[in-house]
Amino acid sequence: MIYYVTGFMFSKDKKHVALISKLQPSWQAGKLNGIGGKIEKGENPQQAMAREFAEEAGIETNPNGWKLFTVLTRPDAYQVNFLYTYDDRIYSAKSVEKEIVDIYEANSLPDNVIYNLRWLIPMALDEHLRFDNQIEIIEMRENT
């Protein structure tokens, strides 16, 4: 099982979100996704998210500022931990690596976002949802 994090930094007014234009894996090439990567040994999702955000967007964040809200698991394959934070330093996010980081309107996402961002971003922004515990989603393989 491979463990990942994907994070959404929103502006404090919740109008903007930082996303990254993916080069890999191939099924994500040219699409926008949250910022993230693999969880390294000894890290929890919040620590991994803070590290990945600094590496990819150039902004140092406190791991405690990242809120885990959804875990998506494909058994025996991968698990993606989705986190969010609100921080106006979003406007100083920059591309550190080859993949381009930019700021987008959170309520008007471009056509080329990864499909699940269309429900993950609104869920993270919904003030009526309380995430005392993360939502767990199990992704099932299709029988072929």
**Item:** Qualifying residues in the range 104-144 (those that are open to solvent by 60 Å² or more (accessible area, probe 1.4 Å), touching a residue at least 24 places away in the same chain (Cβ under 8 Å) and among the charged types (D, E, K, R)) - the one nearest to residue 92 (Cα to Cα)
**Value:** 105
**Request:** Could you tell me whether residue 83 is surrounded by 12 or more Cβ atoms within 10 Å (Cβ to Cβ), in contact (Cβ under 8 Å) with a residue 12 or more places away in the chain and in a loop (DSSP other than H, G, I, E, B)?
**Result:** no
**Item:** Top-ranked residue in the range 53-80 [being part of a helix (DSSP H, G or I) and not charged (D, E, K, R); ranked as surrounded by the most Cβ atoms within 10 Å (Cβ to Cβ)]
**Value:** 53
**Prompt:** How many residues are open to solvent by less than 20 Å² (accessible area, probe 1.4 Å) and in a strand (DSSP E or B) if we restrict to the range 86-103?
**Reply:** 1
**Asked** Going through the range 30-44 one residue at a time, which ones are open to solvent by 30 Å² or more (accessible area, probe 1.4 Å) and not small (Gly, Ala, Ser)?
**Response** 31, 38, 39, 40, 41, 43, 44
**Asked** In the range 75-86, which residue that is at pLDDT 95 or above and out of contact with any helix residue (DSSP H, G or I) (no Cβ under 7 Å at 6 or more places or on another chain) is farthest from residue 34 (Cα to Cα)?
**Response** 86
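The values are calculated or read from the model by the stated rules, or taken from the named source; none is laboratory data. Worth saying up front: this structure is predicted, and the values here are computed from it rather than measured. Cβ atoms come from the backbone with ideal geometry, glycine included; neighbour counts cover every protein chain shown. For the accessible areas, the whole protein counts, side chains as well, though only heavy atoms, and no ligand, DNA or RNA atoms are used. Shrake-Rupley method; radii C 1.70, N 1.55, O 1.52, S 1.80 Å.
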